[in-house]
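A.B. asks: One structure, pasted below without further comment.
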Amino acid sequence: MSRIISKIINSSAERVNLILPRIVITLDGRGSRLYYPGETLAGSYWFDFVGGDDIQAVECSILWHTEGKGSEDMGVHAFWRHATDAGDWIDPRRPGRFRTVLPQSPLSYSGILIKIYWSVRIRLFLSDGREAVEDLAFRLGNLPDVRTLKPVDLS
């Protein structure tokens with residue numbers, strides 16, 4: 001009987017260890033997530049359900065990617081990495097910060113054949129080899145959704 005109870009306790013502990021930390025990303029001082037080229041994008045991120053000794057590295061990226069017909073592309077506008085093996089001290093209770101001036105292009109776009117999306121991506125690398133990733137989308141520029149435009153009569 002005690003072996004059965006021990007096995008249940010151990011399997012419960014293993015399930016708890018499989019829960020990935022929660023990543024929270026916020027943008028500074030914005031009611032909307034619409035930005036224009038040349039504006040500064042700044043914000044913070046933090047983690048829940050993880051201890052400081054469990055974190056190996058944190059990466060923060062400001063990136064864009066395409067979806068649609070043809071090959072999908074991705075570009076990284078800004079990138080920061082903090083790693084314990086590089087001597088960085090990572091405290092999950094203290095928010096990490098990011099700040100960058102946004103480029104002129106590519107602008108966010110929601111077309112019929114292609115879509116361009118921007119996001120802040122945080123990747124958390126845990127000492128046990130697992131990873132957690134969270135993206136927070138935002139728009140660069142204010143191009144209209146092509147599907148809402150009315151056709152122009154050229155006759």
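A.B. asks: Quick check, is Gly111 farther than 24 Å from Thr66 by Cα and small (Gly, Ala, Ser)?
C.D. replies: Taking the combined requirement at face value, the residue does not satisfy it.
A.B. asks: How many residues does segment 41-77 hold that are farther than 16 Å from Ile25 by Cα, within 18 Å of the chain's Cα centre (by Cα) and part of a strand (DSSP E or B)?
C.D. replies: Within segment 41-77, residues that are farther than 16 Å from Ile25 by Cα, within 18 Å of the chain's Cα centre (by Cα) and part of a strand (DSSP E or B) number 11.
A.B. asks: Being farther than 15 Å from Leu140 by Cβ and at pLDDT below 95 narrows it down to one residue among Arg22, Arg81; which is it? Working first, answer last.
C.D. replies: Details: Arg81 fails: at pLDDT below 95.
Every option except Arg22 fails the conditions.
Conditions (1) touching a Phe, Trp or Tyr at 6+ places or on another chain (Cβ under 7 Å); (2) touching a residue at least 60 places away in the same chain (Cβ under 8 Å), marked per residue:
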{"residue": "Trp80", "(1), (2)": "yes, no"}
{"residue": "Ala83", "(1), (2)": "no, no"}
{"residue": "Ala86", "(1), (2)": "no, no"}
{"residue": "Arg93", "(1), (2)": "no, no"}
{"residue": "Pro103", "(1), (2)": "no, yes"}
{"residue": "Leu107", "(1), (2)": "no, yes"}
{"residue": "Ile112", "(1), (2)": "no, no"}
{"residue": "Tyr117", "(1), (2)": "yes, no"}
{"residue": "Asn142", "(1), (2)": "no, yes"}
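A.B. asks: Next up: What are the pairs, 6+ residues apart or on separate chains, where a residue within segment 32-60 that is more than 15 Å from Pro92 (Cβ to Cβ) and at pLDDT below 90 has its Cβ under 9 Å from a residue that is assigned to a strand (DSSP E or B) and of a type outside the set (Ser, Thr, Tyr)?
C.D. replies: Ser32/Phe138; Ser32/Arg139
A.B. asks: Within segment 131-149, is even one residue farther than 17 Å from Ser32 by Cβ, at pLDDT 90 or above and in contact with a Gly (Cβ under 6 Å, 6 or more places away or on another chain)?
C.D. replies: The answer is no; no qualifying residue exists.
A.B. asks: Taking segment 56-98 as the search range and keeping residues that are within 17 Å of Arg123 (Cβ to Cβ) and among the charged types (D, E, K, R), which one is surrounded by the fewest Cβ atoms within 10 Å (Cβ to Cβ)?
C.D. replies: Quick first cut of segment 56-98, residues within 17 Å of Arg123 (Cβ to Cβ) only: 56-65, 74-86, 88, 90, 92, 95-98.
Now drop any that are not among the charged types (D, E, K, R), which leaves 59, 81, 85, 88, 97.
On the way: Glu59: 16, Arg81: 13, Asp85: 7, Asp88: 12, Arg97: 12.
Residue satisfying both the conditions and the ranking: Asp85.
A.B. asks: For segment 44-55, name all the residues that are surrounded by 14 or more Cβ atoms within 10 Å (Cβ to Cβ) and of a type outside the set (S, T, N, Q).
C.D. replies: Result: Tyr45, Trp46, Phe47, Val50, Asp54, Ile55.
A.B. asks: What number of residues in segment 84-140 are assigned to a strand (DSSP E or B) and of a type in the set (Lys, Arg)?
C.D. replies: 6
The values are calculated or read from the model by the stated rules, or taken from the named source; none is laboratory data. No experiment lies behind these values; they were computed from the predicted model shown. With ideal geometry, Cβ positions are generated from the backbone for all residues, glycine too; neighbour counts draw on all protein chains shown.
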